[in-house]
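Below is one structure, written out as structure tokens; the observations come after it.
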Amino acid sequence: GGSGSASTIKQVKLERESELRIEVGNDAPLRLRLLNGTAEIFGTELPPEIWLNFPPRLKFAVFTWYGATIEMDGATETDYTADETPMVSYVNVHAVLDGRRSRAKASSPDDSGSSQGPRVIVVGPTDSGKSTLSRMLLSWAAKQGWKPTFVDLDIGQGSITIPGCIAATPIEMPIDPVEGIPLEMPLVYYYGHATPSNNVELYKVLVKELAGMIERQFTGNAESRASGMVINTMGWIEGVGYDLLLHAIRTFKANVVLVLGQEKLCSMLKDVLKSEPKVDVVKLQRSGGVVSRNAKVRQKARSYRIREYFYGLSNDLSPHSNIANFSDLFVYRVGGGPQAPRSALPIGAEPAADPTRVVPVNINRDLLHLVLAVSFAKEPDEIISSNVAGFIYVTDVDIQRKKITYLAPSAGELPSKYLIMGSLTWLET
Ligand code: ADP
């Protein structure tokens with residue numbers, strides 16, 4: 001619009017192999033559309049001319065291989081164009097993976113080795129663009145007709161479900177730039193904390209359970225097996241974090257390790273994995289567009305994720321408030337109290353508290369504001385090995401009447417009476 005008009009519409013012309021990096025403002029959504037040319041957001045092509053609505057705070061880039069004109073409507077926190085991106089190296093990785101998937105598909109399904117498509121694991125420090133690269137590889141593969149399995153081991157900022165979980169889901173279509181990972185039938189295990197140091201043993205056990213489950217699914221599904229998986233990991237790469245990375249690489253039998261922006265980590269992994277000759281360790285450049293988030297921003301992001309689980313991305317879901325008797329629900333936590341580190345004990349001694357012991361919890365006011373997972377377990381001793389159906393949020397505990405009020409995604413009875421508590425709380429705002 002001309003001078004004096006209140007229009008906030010702005011056009012941006014993008015040259016080939018460049019991207020428009022955007023941080024949507026904190027308070028209002030942003031509308032954006034592709035006017036001409038072709039462009040994609042993290043691997044998913046934009047439809048021509050259709051306005052898309054991006055929620056507040058979202059950070060993303062519109063990338064074009066051959067040139068495009070973008071139209072934006074609304075205020076942004078930042079928006080700028082960058083012509084230096086690592087996208088060519090990323091898409092080259094995709095091409096190699098694609099070749100491996102085709103070879104896996106062409107080989108006899110009886111040969112469980114050669115019919116297995118690539119198992120890619122993305123590692124690197126926090127804010128190196130791991131989730132974003134995972135997403136691009138998944139969307140490019142899905143566009144080609146593959147159904148890769150996305151595995152998210154990041155309990156802090158995972159993109160499949162709420163924080164505190166490890167999860168997996170098949171990706172059958174390029175990932176929607178606004179809605180994110182589709183949530184039809186994710187396979188979710190509840191760890192219950194936002195950092196693995198709360199209970200490292202439990203984290204490892206759950207990673208093993210998830211890997212075993214996917215392994216079984218692949219056995220019966222040649223298409224999934226040939227498509228392989230893309231595994232996103234935590235940004236914790238030092239000390240125990242490094243051990244957990246190695247544990248994940250081995251447990252999932254990853255054969256392609258993509259290391260984002262970390263020489264040291266890359267050479268360490270190359271070194272230890274060179275005796276495992278079928279593993280390729282590849283160093284990739286971090287994108288300059290990746291936005292760093294401090295501890296406070298991360299904490300906020302976790303809170304928004306939980307809110308999104310119950311209320312939807314744009315308040316489009318209406319959770320139900322339900323009331324249950326104390327006697328109808330059985331709450332458990334896993335592991336007893338803080339443990340002494342193994343290194344502090346005499347050689348051969350086991351830490352006293354079993355980190356994977358399932359302990360019943362009395363229902364009292366301590367449960368207020370906790371997020372509890374609803375287990376698929378049929379017996380308490382199946383709790384660790386069972387995935388979860390979903391989550392509830394405790395809004396009131398009435399000791400006198402022995403009633404607990406909770407928010408659930410839907411009305412009606414819970415799929416199970418076994419609930420798992422961790423340290424994950426949420427304050428509804
Ligand atoms: P990590 O998984 O390593 O912690 P992410 O992939 O989640 O990092 O990236 C951190 C943030 O940066 C995310 O909000 C993501 O959407 C954003 N981001 C990543 N790449 C770009 C880019 N090229 N332009 C703009 N924002 C980006």
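Assorted remarks:
- Between GLN400 and GLU428, the FRET efficiency estimated from the beta carbon spacing at R0 = 30 angstrom works out to 0.80.
- Filter on LYS147/LYS204; LYS204/LYS264; LYS204/LYS403; LYS204/LYS378; LYS10/LYS300; LYS105/LYS378 - keep pairs with C-alpha separation over 32 Å: LYS204/LYS403; LYS105/LYS378
- Sites GLU45 and GLU17, calculated FRET efficiency, Cβ-Cβ separation with R0 22 Å, nearest 0.05: 0.90
- Counted over the chain, the DSSP beta bridges are approximately 75% antiparallel.
- Taking 0.36 nm per residue of sequence separation and removing the Cα-Cα distance, the ARG250/SER321 pair yields an extension gain of 21.3 nm.
- For segment 1-75, the set of trypsin sites (Lys or Arg not before Pro) satisfying both a DSSP loop assignment and a count of at most 15 other C-beta atoms within 10 Å is given as ARG16.
- Once the convex hull of all Cα atoms in segment 41-131 is built, its volume per residue stands at 168 Å³.
- Working note: Debye formula, equal point scatterers on the alpha-carbon atoms of segment 74-172, no solvent; log10 I(q)/I(0) at q = 0.17 Å⁻¹ is -0.92.
- Normalised by 2.2 N^0.38 Å, where N is the number of residues, the C-alpha radius of gyration of segment 145-262 stands at 1.03.
- Between MET213 and LYS417, the FRET efficiency from the beta-carbon distance, with R0 = 30 Å, is close to 0.85.
- Adding -39500 (n - 2.57) for every DSSP H run of four residues or longer, then dividing by how many residues the chain holds, sets the calculated 222 nm ellipticity at -7500 deg cm²/dmol.
- Fraction of alpha-carbon pairs over 31 Å apart in the chain - percent: 44
- Sparsely packed loop sites in segment 14-84 (the chymotrypsin sites (Phe, Trp or Tyr not before Pro) outside DSSP H, G, I, E and B with at most 12 other Cβ atoms within 10 Å) comprise TRP51, TYR66.
- Excluding same-chain neighbours fewer than eight residues apart, the lysines reachable from LYS296 by a Cα-Cα span under 21 Å are LYS59, LYS130.
- For segment 216-292, applying the loop criterion from DSSP together with a ceiling of 11 other beta carbons within 10 Å to the trypsin sites (Lys or Arg not before Pro) yields LYS274, LYS278.
- Evaluated at q = 0.26 Å⁻¹: base-10 log I(q)/I(0), Debye formula over Cα of segment 224-305: -1.35
- Under the criterion of Cα pairs below 8 Å and six or more residues apart, the relative contact order for the chain equals 14 percent.
- Helices that extend 27 Å or more along their long axis by alpha-carbon positions and average at least -1.0 on the Kyte-Doolittle scale are, among the DSSP H runs of the chain, 87-106, 200-219.
Every read-out reported here was derived from the displayed coordinates using simple, explicitly stated rules and does not represent laboratory data. In this text, all values refer to a predicted model and were calculated from it rather than measured experimentally. FYI the Cβ positions are ideal-geometry reconstructions off the backbone, even for glycines, and counts take in every protein chain you see.
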